[in-house]
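Below is one structure, written out as structure tokens; the observations come after it.
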Amino acid sequence: EEFRDVVNAGAKWHDEPVVECETDGWKLITSRTPADIDAFVDAIREAGAPEALTSSGALAEAVTTLGLQRISVITPYDQPLTDRLVDFLGELEVGVVTQQHLGLAGGIWRVNYRTVAALVEAADDPAAEAIFVSCTNLPTYDIIDPLERELGKPVLTANQLTVWACLA
């Protein structure tokens, strides 16, 4: 039950720092925790990439650089996968004040800006120093600035943090 999203996608959960899978000429490399990020990036480089970073690594770097201790999170995923994000942040010593999720196992690109904005607003809490929008497939670009003005706090997104990491 805990890894239903992985199993529904036809995969098997492996409790290892880095797992590699070759399918149809594509190499998929996954990791579990903040402690695995360096091994994960090394595996990507060993697979042939001249340089590598991850969105989860970008999140870890951002919350550390910004000194965040309490955030709210939203995801398009189901509760077990959202709980994994909460655990990931906990390992970085960042508490999650509130969380919202859509419960999706596919079709994430179909979620519209209005739905994402409503989820961000629902996740807002005075105790949260920022709100993190997980998933690089959610539309967020056009709503970050208006939501930050409305809520008076940073709205951080997976795509935004990944670009920041690329520019660093």
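The values are calculated or read from the model by the stated rules, or taken from the named source; none is laboratory data. From a predicted model like this one, the values you see are computed outputs, not experimental measurements. In this analysis, Cβ positions are derived from the backbone assuming ideal geometry, glycine residues included, and neighbour counts consider all displayed protein chains. Just so you know, the surface numbers come from the protein's heavy atoms only, side chains and all, with ligands and any DNA or RNA stripped out. Shrake-Rupley method; radii C 1.70, N 1.55, O 1.52, S 1.80 Å.
Based solely on C-alpha atoms, express the radius of gyration and the Dmax of the range 71-168 in angstrom.
12.6, 33
Between SER55 and THR136, what length in nm is gained on full extension when 0.36 nm per residue of separation is reduced by their alpha carbon distance?
28.4 nm
Going by average Cβ density within 10 Å per residue, which order do the peptides 110-123, 147-160, 70-83 take, highest to lowest? Could the numbers behind the result be given before it?
Numbers: 110-123: 16.1, 147-160: 18.1, 70-83: 21.0.
Most protected by this proxy first, the peptides run 70-83, 147-160, 110-123.
Highest first, please rank the peptides 33-45, 126-138 by the mean number of other Cβ atoms sitting within 10 Å of their residues.
The most tightly packed comes first, giving 126-138, 33-45.
Can you give the Kirkwood hydrodynamic radius of the range 39-117 from its Cα pairs, in Å with one decimal?
Mean inverse Cα-Cα distance, inverted, gives 14.4 Å.
Arrange the peptides 52-60, 96-104 so that the one whose residues have, on average, the most other Cβ atoms within 10 Å appears first.
Going by the mean number of other Cβ atoms within 10 Å, highest first, we get 52-60, 96-104.
Keeping all protein chains in place, calculate the accessible area per residue for the range 113-167 (probe 1.4 angstrom), answer in Å².
Accessible area per residue, the range 113-167: 49 Å².
At 0.36 nm per residue, and after removing the present C-alpha to C-alpha distance, how many nm does the segment from LEU92 to VAL163 gain when stretched out fully?
Extra length from LEU92 to VAL163 when fully extended: 23.5 nm.
How large a share of the accessible area of the range 93-146, in percent, is made up of carbon and sulfur atoms when the probe is 1.4 Å and the other protein chains stay in place?
Summing carbon and sulfur atoms, their accessible area is 49 percent of the total for the range 93-146.
For THR157, list long-range residues whose amide hydrogen, built 1.01 Å from N in the peptide plane, is under 5 Å from its own amide hydrogen.
Correct list: VAL133.
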